[in-house]
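Single-structure report; data block below.
Only the coordinates and a few stated rules stand behind these numbers; no lab work does. In this text the structure is predicted, and so the values were computed from the model without any measurement. Don't worry about glycine lacking a Cβ; one is built from the backbone with ideal geometry, like all the others, and counts go over all protein chains shown.
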């Protein structure tokens, strides 16, 4: 972050959904970055995202997924293996959206769901404004390329760079559940969408890597400040048809860090694996 010394861009300025992480005032977007009225300036990376996570709030030099993990996630999701979830989210967001919805994706990763939802809202004749945040700049390099109409920034779910009551629709898909921040950022009639794994999600992958696989807990999250609105389940089976695809999925999961050597060896020997996918989309409204 550096102090603003004058507009470097000849292009017209536009309002941003983001606020300044230093003084919390509104940011104005230029073609090369963002600035606020207090003179704080944030460059936009060549890849298309900006960095709004102050250094004193970073727990490492490169937080979040590294370059290899981000690339694996991008390859897998681009392959359409989780298209049933993306389609269900797109339909639900379209159902609950006002004519000019503001959509925030907290923990957007490489932007697959962000772009799918934003595109669906536009195809429905709506006029969305959308932004996604993640702590991994490696993921955001991919996200910013998926949809140039969405703003992307490095930021934390526990300190979202948005003003109070900004969002009509907020997504947290396999991401940290920062309910206090979600409550602050959502409008009073907004909707929170939390995607969590179903009991048998990736069951066959677990069987391959663990001696004693376990079912996922399907208890709804405790979310103070919200009331349940709906619960939508998405179930199916996908065929992972190469060793590379299997390893890409494995790299996306928490099992990647916890699997012993014997489990990794068993998984490495596979070049074909039918896998159960099971998602639970929890919808909440603020109270």
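Structural remarks
- Put simply, when 41-50, 224-233, 130-139 are sorted by average Cβ atoms within 10 angstrom per residue, most first, you get 130-139, 41-50, 224-233.
- Using 0.36 nm per residue and subtracting the Cα-Cα separation, the extra length available between residue 231 and residue 270 on full extension is 10.6 nm.
- Extension reserve of the residue 78-residue 222 stretch, reckoned as 0.36 nm per residue once the Cα distance is removed: 48.6 nm
- Degrees, to the nearest 10: 243-252 long Cα axis against longest axis of the chain: 50
- Across all Cα atoms of the range 34-184, the radius of gyration (one decimal) and Dmax (whole number) stand at 14.9, 45 Å.
- Axis angle, to the nearest 10 degrees, between helix 83-96 and the longest C-alpha principal axis of the chain: 40 degrees.
- When each of 284, 179 is scored by the number of other beta-carbon atoms lying within 10 Å, the sequence from fewest to most is 179, 284.
- The length gained by stretching the chain between residue 189 and residue 55 to full extension, at 0.36 nm per residue less their Cα-Cα distance, is 44.8 nm.
- Highest average packing first - 192-203, 145-156, 86-97, Cβ atoms within 10 Å: 145-156, 192-203, 86-97
- Using the Cβ-Cβ distance between residue 256 and residue 45 with R0 set to 30 Å, the FRET efficiency from 1/(1 + (r/R0)^6) comes to roughly 0.70.
- Percentage relative contact order, the range 194-251, counting C-alpha pairs under 8 Å, at least six apart: 29
- 0 to 90° range, to nearest 10: angle between helix 137-146 axis and the chain longest Cα axis: 80
- Given in Å, the Rg to one decimal and the Dmax to the nearest whole number for the Cα atoms of the range 139-269 are 18.0, 51.
- Note on 276, 114, 212, 259: ascending count of other Cβ atoms within 10 Å places them as 212, 276, 259, 114, the fewest first.
- Calculated on the Cα set of the chain, radius of gyration then Dmax: 19.5, 61 Å.
- Sequence ranges 260-269, 16-25, 119-128, ranked by mean other-Cβ count within 10 angstrom, highest first: 16-25, 119-128, 260-269
- For the chain, share of DSSP beta bridges that run antiparallel, in % to the nearest 5: 60
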